[in-house]
Amino acid sequence: MTTTHSDVQTKEVHGYVLPTRPRPAGSLLVVPTREATNMGLHRRTGEVAQRLGERFLLLAECQQQFLGELRSGLRALEGAVVEDARIRLQASVRSAIAVLDWCDTLQADLLAEAQRAARGWQPIDLGEACREAATGVEGNGIAVLVSGQTAQPWWGDAGRLAVAIQAGLSVVAERTGGQGTIQVEVGGTSAQANVRIAGTGEPGEQVDSASVRAFRNAVERLGATVVPDALGPGGAGLILELPGSTN
């Protein structure tokens, strides 16, 4: 007995197999590049930091007002206590004021960090940020070595920092013709940090003007400055001086 499967059919016209229905244009899938994905991630992170910063800023300003009122009340109490208990009560009040002095110090730190976060800044581990940025330019024989660190995180715009570092790496790579290793060194302090980008290859003159322009634009948007490293303007290195956290 021969079994036929009538549910499986091939549509043919004079030997031509009809193609499947084409996918509508609206369903075209576009895969984002790694750079676009990273930029989207940095942008979302900055937005989260800004929302948190606005909340912290409100709380810090309220706390500052409450601490001021508490201090005024304690000082008024110190002058109003009865004479027979004055020494004992004054000692207690002074102890409370000493605690408030510590609160003032913490309050100043909280207020400063809240103001930074409200601007869309976030505390950034510069060494880790440089390593992440390096993944976008490594390959084709280019290797990037990252070293150094600051004692405290640097506050700033993560997305703009990543673009500036990647643009600097690209310029140095072109300066050395893609030869040798690129060294990235993090230095300075959290308040005034810097990133040195230098190539071990022989420096040349062939640098695409578009790459230089992109680097300058990225540095300007970050609010940083660029100076030559110890080898001078003719070398294959530069120092990216990051804006201070109080800027």
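Quick rundown of the values:
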{"item": "Magnitude of the charge dipole, segment 51-194, Cβ model with Lys/Arg +1 and Asp/Glu -1, debye to 20", "result": "140 debye"}
{"item": "For segment 123-241, size of Cβ-based charge dipole, Lys and Arg +1, Asp and Glu -1, in debye", "result": "160 debye"}
{"item": "Segment 170-247: GluC sites (Glu not before Pro) in DSSP loop, at most 10 other beta carbons within 10 Å", "result": "Glu205"}
{"item": "Among Ala236, Ala162, Ala133 the positive-end extreme of the charge dipole of segment 123-241 (Cβ point charges)", "result": "Ala162"}
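Each reported figure results from applying straightforward, stated rules to the coordinates on display, with no laboratory input. Just so it is clear, the model here is predicted, and its values are computed rather than measured. Every residue, glycine among them, receives a Cβ derived from its backbone with ideal geometry; neighbour counts consider all protein chains shown.
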